[in-house]
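Note sheet for the following structure.
The values are calculated or read from the model by the stated rules, or taken from the named source; none is laboratory data. In this text the structure is predicted, and so the values were computed from the model without any measurement. Counting neighbours? That spans all protein chains shown, and the Cβs are built from the backbone with ideal geometry, glycine included.
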Amino acid sequence: VKEAMMTKRILITGANKGIGLATVAAILAHDDTHVLLGSRDEARGQAARETIVAEHPDYADRLEVVAIDVSRDDSVAAARRTIGEAPLHGIVNNAGVGIGSQAMQDVLNVNTRGPRRVFQTFLPLIADGGRVVNVSSASGPNFVANCSAERQQQLTHPGVTWAQIEALIAECLALDAGDFEAAGFGDGNAYGFSKACLNALTIELAREHPALLVNACTPGFIETDLTRPYAESSGKAPADMGMKSPAEGTKASLHLLLGEPGGSGWYFGSDAERSPLDRYRSPGDPPYQGD
Ligand SMILES: NC(=O)c1ccc[n+]([C@@H]2O[C@H](COP(=O)([O-])OP(=O)(O)OC[C@H]3O[C@@H](n4cnc5c(N)ncnc54)[C@H](OP(=O)(O)O)[C@@H]3O)[C@@H](O)[C@H]2O)c1
């Protein structure tokens with residue numbers, strides 16, 4: 001009974017492939033964990049579970065699949081009913097889309113509203129000291145770096161609220177493609193904007209929930225179905241473009257989930273060191289200390 005009480009139950013979304021699946025394996029390497037592998041398609045989730053269990057039969061009892069589409073209220077609510085009432089140690093909001101031609105609305109619905117939806121739904125289960133890891137991207141700080149000073153302040157200030165983020169989203173959704181620059185939003189890249197908004201959301205959630213450690217991170221530049229088209233279009237091998245393996249993309253998430261992040265409401269680089277919200281910091285460079 002004591003052992004069961006100490007087990008850390010962790011929900012991770014978009015975990016049927018890519019960085020999410022690698023993160024599941026990395027979490028299960030810690031034997032005090034139990035993973036709820038989130039997949040929007042139950043069959044793809046079960047297939048992913050099989051690949052892990054085939055390699056590590058001893059993980060089988062600590063790994064279950066939960067159907068969850070983070071873009072839909074009804075799916076997230078159904079996942080909440082499936083999971084039951086046992087407390088969660090943490091959530092990894094990993095599901096993400098959007099390097100491509102998807103509409104900004106759809107990208108935001110997964111990358112920004114998705115983590116908020118999941119957070120709000122599962123908050124009652126997260127114990128004090130629990131962790132929320134928002135898998136963001138360097139595209140967020142890069143987006144902010146190209147914004148006007150006013151937009152930079154709006155996207156990064158410590159008092160930022162969801163209502164303010166919603167207002168920025170509404171403004172962007174109303175703009176025509178050529179009008180982002182003049183409105184102070186740089187090139188208006190939907191993916192970068194969604195991750196900048198996710199980093200802002202992280203600030204708010206951390207401030208409003210001081211008993212939790214809520215942080216964001218980038219996994220780094222990782223070879224997955226999300227990024228492979230880049231390499232294909234450039235005619236280079238993924239490794240020659242600097243892409244690393246999904247396993248190498250789990251370092252920051254694992255640190256924020258199971259280690260001691262040292263703060264809440266922060267954004268971390270792929271080397272698991274704190275990074276600024278408004279400019280790129282290379283892995284290995286000195287950690288960001290706050291402005
Ligand atoms: N790869 C990189 O270099 C890189 C860099 C920076 C940040 N990231 C971030 O890392 C995270 C994982 O990306 P990845 O590279 O591993 O990409 P990936 O291989 O394409 O995996 C994305 C995962 O998200 C899932 N997903 C998409 N829409 C969903 C929805 N509505 N509900 C639930 N799950 C959904 C996908 O499920 P399906 O299989 O059903 O489509 C898949 O499991 C993303 O947040 C991404 O933005 C990646």
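The table that follows gives values for the structure above.
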| quantity | calculated |
| --- | --- |
| Any hit, segment 10-17, residues being within 16 Å of the ligand (Cβ to nearest atom), touching a residue at least 60 places away in the same chain (Cβ under 8 Å), basic (Lys, Arg) and touching a helix residue (DSSP H, G or I) at 6+ places or on another chain (Cβ under 7 Å) | yes |
| Hits in segment 113-140 (condition: among the basic types (Lys, Arg) and either within 15 Å of the ligand (Cβ to nearest atom) or surrounded by fewer than 22 Cβ atoms within 10 Å (Cβ to Cβ) (or both)) | Arg113, Arg116, Arg117 |
| Yes/no for Ala183 being at pLDDT below 95 and on the phi < 0 side of the Ramachandran plot | no |
| Counted residues, segment 62-74 - those being farther than 25 Å from Asn215 by Cβ and either basic (Lys, Arg) or within 8 Å of the ligand (Cβ to nearest atom) (or both) | 1 |
| Qualifying residue in segment 199-214 (condition: more than 18 Å from the chain's Cα centre (by Cα), surrounded by fewer than 20 Cβ atoms within 10 Å (Cβ to Cβ) and either polar (S, T, N, Q) or within 16 Å of the ligand (Cβ to nearest atom) (or both)) | no |
| Number of positions in segment 165-183 that are more than 30 Å from His89 (Cβ to Cβ) and surrounded by fewer than 18 Cβ atoms within 10 Å (Cβ to Cβ) | 13 |
| Conditions (1) surrounded by 13 or more Cβ atoms within 10 Å (Cβ to Cβ); (2) in contact with a Phe, Trp or Tyr (Cβ under 9 Å, 6 or more places away or on another chain); number of the one not met by Gly242 | (1) |
| Near pairs, Cβ below 7 angstrom, 6+ apart or cross-chain, from segment 131-147 (farther than 19 Å from Arg116 by Cα and without any contact (Cβ under 8 Å) to a residue 12 or more places away in the chain) to any residue that is among the β-branched types (Val, Ile, Thr) and surrounded by fewer than 24 Cβ atoms within 10 Å (Cβ to Cβ) | none |
| Residues located in segment 89-112, provided they are within 10 Å of the ligand (Cβ to nearest atom), farther than 13 Å from Ile19 by Cβ and surrounded by 22 or more Cβ atoms within 10 Å (Cβ to Cβ) | Gly98, Val107, Val110, Asn111 |
| Every pair of residues 6+ apart whose Cβ atoms lie under 6 Å, when the first sits in segment 215-228 and is touching a residue at least 12 places away in the same chain (Cβ under 8 Å) while the second is outside any helix (DSSP H, G or I) and within 6 Å of the ligand (Cβ to nearest atom) | Thr218/Ser137 |
| Every residue from segment 217-237 that is surrounded by 13 or more Cβ atoms within 10 Å (Cβ to Cβ) and either touching a strand residue (DSSP E or B) at 6+ places or on another chain (Cβ under 9 Å) or in a loop (DSSP other than H, G, I, E, B) (or both) | Cys217, Thr218, Pro219, Gly220, Phe221, Ile222, Glu223, Thr224, Leu226, Thr227, Lys236 |
| Selection status of Leu254, assigned to a helix (DSSP H, G or I), under 30 Å from Ala163 (Cβ atoms) and more than 13 Å from the ligand (Cβ to nearest atom) | no |
